[in-house]
Amino acid sequence: MNDNRLGTAVSPYLRLHADNPVDWREWGPDAFAEARERDVPVLVSVGYATCHWCHVMARESFSDPEIGELLRRDFVAVKVDREERPDVDASLMASASAFTQQLGWPLTAFATPEGRVFFAGTYYPPTPVGQVGSFRQVLTAVLDAWTERRHEVDANASAIAAAIAQGAQADATAQGGERSDADTPRLPSVDAIRSVTAQLVSAEDTTYGGFGGAPKFPSAPLLEFLSDVAADGDAAARGLLERSLRAIRTSELTDADGGVFRYATKRDWSVPHYERMLYDNAGLLAIAGAEQARGIADFLRDTLRRPDGAFVAAQDSESTIDGRRVEGDWYRLPLDERGRFDAPPLDDQVLTGWNGLAIRGLARAAARSGDDECTALAQGAADAVLAAHARDGHVVVRSSTDHGTSAAPPTIEDVGLLAEGLLELALLSGEVRYAETARALVDDGLAGRFEADPVLRAAGTTTGEQPQTALRSGTVALAATAATLAALTGDRALRDAATRLVADRARTGTERPLGHADALGVALALQRPSREVVVVSGRDDPMRWTGLAARRPGTVVATVTPDQARAWAAAGFSLFAGRDSAAPAAYVCHDHVCALPARSDAALAEQLR
């Protein structure tokens, strides 16, 4: 019997399990209602389409008919794609942390029919390995607890849910959810923020580069913070950033085609975990040097880009070579030999937030190097995502594939990262329509117009957005975009909103930068005097590139033609009012008070000094 429900799922990860002899359901109230009716626990298995150990557990356990029969009889089995449902994944991860610190995917959680987790782990093998029981043994133990010690199960589930609710309340307060506009929290000082560099220098692996031992991750948000501090004049941060980027660029973590793998399993950056995620590559693209950025942009263009211009989520670690499904072998082939075999498959879902991150990375790379193709790639992705995932300036879709549009609601990640990417592209290209959409998205984000998942809401286990180590936070991106809009409009309320969003995260980051590095970077910009640079010129004018090179914390740079300047002013961006000189001119302003226009790149460079 196979009553698996995943054949029509939008998520590619869920569809990979459509042929399992497990009667999988998608996450939702119906699955938990069935569990209540049958009085059985819920198994929730979380993963994603390019996850190697998810594939392994699927082959070893979820393809086993006897396991399938056990799950059908004694559980309700639910599959979750962590990329499609980051809210569910965050809640289950928070619950799982009560049982293991080795968090990751696949995540295996057991919940009551009320949606509260009472036991969790990650990958379980088909036979016992050391102290780790087999998946079948885990299922048996869970059933024994469910039938013989239900009071313990309920007590554990309630205690974990209470802890999550308390943490979510604290996080909501930290983000300004219970503050008035007049009660703006305090940012950490510039000295406190810059002192984090010393922490990171002491944590550097001086032998192989990067931070820590094995496994070793590229940690793009942490490197971007170093980039911010380096732009603020910190030589130690610049040296650490350059050494870290060089280690990534010259190691096995970077493939021959320029794409970067998710992490290395060895301290010396060797033996990569071969999956390649859009977010890692987009994050590095925002800060990498010209050669490294060009390689990453080529990978996005040649591998992850769809015909409509949007980018898909990832490329798998596994491929089929000589009839065998193997991890990494395709990537170990020379480039000219790879064409003889099928490339590793793609996780083909288009995620709004991740595309926003890619748009931002491409726009920043173009601003540094003058690479017109990066600008075109960013515009292509922006136009595709806005056409398919937004309506009237609002994000209405988080995830889509060729199989349709996911019912998963948009999150703060989608709104914040897309808004930030669009505004970066608007400042680079001069196209005000992207800025107008970014402004509407910020309004949505600050209004908190997000649906809470009904199961998590009923269980009291909605966590809100958690600190990020590999992916820029949507909350932080929203704050950065609000601060930039404040510089463009003169609206002080937007700058205050940005402060409320990041202040507490940044103060935590001064002691624990991993997970909060992005908030530290925005806090540094908010602590610096506001400086606005408007360059009105043609595309190839040297002043344009002099202005773009002026990036530092607290500085906003816009490059426009005279017609574009008038369009920005008409759209309510007051910084551009009267900045429509027919002859090339650049305006360097502090809180909208501008010096006399510079008429040459040399004069602009002098004003910027």
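The values are calculated or read from the model by the stated rules, or taken from the named source; none is laboratory data. All figures in this text were calculated on a predicted structure; none of them were measured in a lab. All Cβ positions, even for glycine, are placed from backbone atoms using ideal geometry, and neighbour counts span all protein chains on display.
Observations on the structure shown:
- Qualifying residue in the range 510-533 (condition: of a type in the set (S, T, Y), modelled with pLDDT under 95 and surrounded by fewer than 24 Cβ atoms within 10 Å (Cβ to Cβ)): yes
- Condition met for E83 (more than 24 Å from the chain's Cα centre (by Cα) and in a loop (DSSP other than H, G, I, E, B)): no
- Residue selected from the range 1-54 under the condition assigned to a helix (DSSP H, G or I), of a type in the set (D, E, K, R) and in contact (Cβ under 8 Å) with a residue 60 or more places away in the chain, by the criterion surrounded by the fewest Cβ atoms within 10 Å (Cβ to Cβ): R36
- Of all the numbered requirements in (1) outside the structural domain of L222 (by TED's automatic domain parsing); (2) small (G, A, S); (3) not in a strand (DSSP E or B), A558 misses one, and that requirement is (3).
- Any hit, the range 102-121, residues being surrounded by 23 or more Cβ atoms within 10 Å (Cβ to Cβ) and either of a type in the set (F, W, Y) or farther than 26 Å from P29 by Cβ (or both): yes
- Checking the range 382-391 against the condition returns no match, with no residue being surrounded by fewer than 22 Cβ atoms within 10 Å (Cβ to Cβ), modelled with pLDDT of 95 or more and in a loop (DSSP other than H, G, I, E, B).
- Within the range 592-609, being among the aliphatic types (A, V, I, L, M) and assigned to a helix (DSSP H, G or I) holds for A602, A603, L604, A605, L608.
- Hits in the range 561-591 - residues which are part of a helix (DSSP H, G or I) and either hydroxyl-bearing (S, T, Y) or on the phi > 0 side of the Ramachandran plot (or both): S574
- Answer from E224, E242 - the residue that is surrounded by fewer than 19 Cβ atoms within 10 Å (Cβ to Cβ) and either part of a helix (DSSP H, G or I) or within 23 Å of the chain's Cα centre (by Cα) (or both): E242
- Contact map, the range 309-326: residues that are without any contact (Cβ under 8 Å) to a residue 40 or more places away in the chain paired with residues that are part of a strand (DSSP E or B) and surrounded by fewer than 18 Cβ atoms within 10 Å (Cβ to Cβ), Cβ distance under 7 Å, separation 6+ or inter-chain. Pairs shown: S319/V326.
- Flag for R495 being out of contact with any helix residue (DSSP H, G or I) (no Cβ under 9 Å at 6 or more places or on another chain), in the same structural domain as I412 (by TED's automatic domain parsing) and either within 30 Å of L596 (Cβ to Cβ) or without any contact (Cβ under 8 Å) to a residue 24 or more places away in the chain (or both): no
- The number of residues in the range 237-273 being modelled with pLDDT under 95 and either among the hydroxyl-bearing types (S, T, Y) or not assigned by TED's automatic domain parsing to the domain that holds V196 (or both) comes to 0.
- Checklist (1) more than 19 Å from Y48 (Cβ to Cβ); (2) of a type outside the set (G, A, S); (3) within 23 Å of the chain's Cα centre (by Cα) applied to R338, failing item: (3)
- Among the residues making up the range 551-588, those that are buried (at least 17 other Cβ atoms within 10 Å of the Cβ), closer than 12 Å to A487 by Cα and in contact (Cβ under 8 Å) with a residue 40 or more places away in the chain are V556, V557, A558, F573, L575, F576.
- The range 430-486, residues that are of a type in the set (V, I, T), assigned to a loop (DSSP other than H, G, I, E, B) and in contact with a strand residue (DSSP E or B) (Cβ under 9 Å, 6 or more places away or on another chain): T461
- Test: residue in the range 181-189 that is outside the structural domain of V556 (by TED's automatic domain parsing), at pLDDT below 95, over 30 Å from V326 (Cα atoms) and hydrophobic (A, V, I, L, M, F, W, C): yes
- Filter pass, R544 being assigned to a helix (DSSP H, G or I), in contact with a Gly (Cβ under 9 Å, 6 or more places away or on another chain) and at pLDDT below 95: yes
- Just so you know, in the range 122-173 the residues that are basic (K, R) and either touching a residue at least 24 places away in the same chain (Cβ under 8 Å) or part of a helix (DSSP H, G or I) (or both) include one that is surrounded by the most Cβ atoms within 10 Å (Cβ to Cβ), and it is R136.
- Taken as a whole, the structure places E511 among residues that are free of Cβ contacts under 8 Å to residues at least 24 places away in the same chain and outside any helix (DSSP H, G or I).
- Residues being in contact with a strand residue (DSSP E or B) (Cβ under 9 Å, 6 or more places away or on another chain) and part of a helix (DSSP H, G or I) - total across the range 302-339: 5
- Pair list, Cβ < 7 Å and 6+ apart or interchain, from the range 437-455 residues that are outside the structural domain of E465 (by TED's automatic domain parsing) to residues that are hydroxyl-bearing (S, T, Y): none
- Boolean, D342 is farther than 27 Å from S270 by Cβ, out of contact with any Leu (no Cβ under 8 Å at 6 or more places or on another chain) and acidic (D, E): no
- Among the residues here, D541 does not qualify as surrounded by fewer than 24 Cβ atoms within 10 Å (Cβ to Cβ), of a type outside the set (K, R) and free of Cβ contacts under 8 Å to residues at least 60 places away in the same chain.
- Selected residue [over 30 Å from A550 (Cα atoms), modelled with pLDDT under 95, surrounded by fewer than 24 Cβ atoms within 10 Å (Cβ to Cβ) and not aliphatic (A, V, I, L, M)] from G404, G323: G323
- Residue tally, condition of a type in the set (V, I, T) and under 14 Å from G393 (Cβ atoms), over the range 405-427: 1
- In the range 248-285, residue nearest to A363 (Cα to Cα) [restricted to those that are of a type outside the set (A, V, I, L, M), touching a His at 6+ places or on another chain (Cβ under 8 Å) and outside any loop (DSSP other than H, G, I, E, B)]: Y263
- Of all residue pairs spaced 6 or more apart or on separate chains, those with beta-carbon atoms under 6 Å, a first member in the range 285-305 that is buried (at least 17 other Cβ atoms within 10 Å of the Cβ) and a second member that is part of a loop (DSSP other than H, G, I, E, B) and of a type outside the set (D, E, K, R) are G295/G258; I296/G258; F299/G258; F299/G259; L304/V312.
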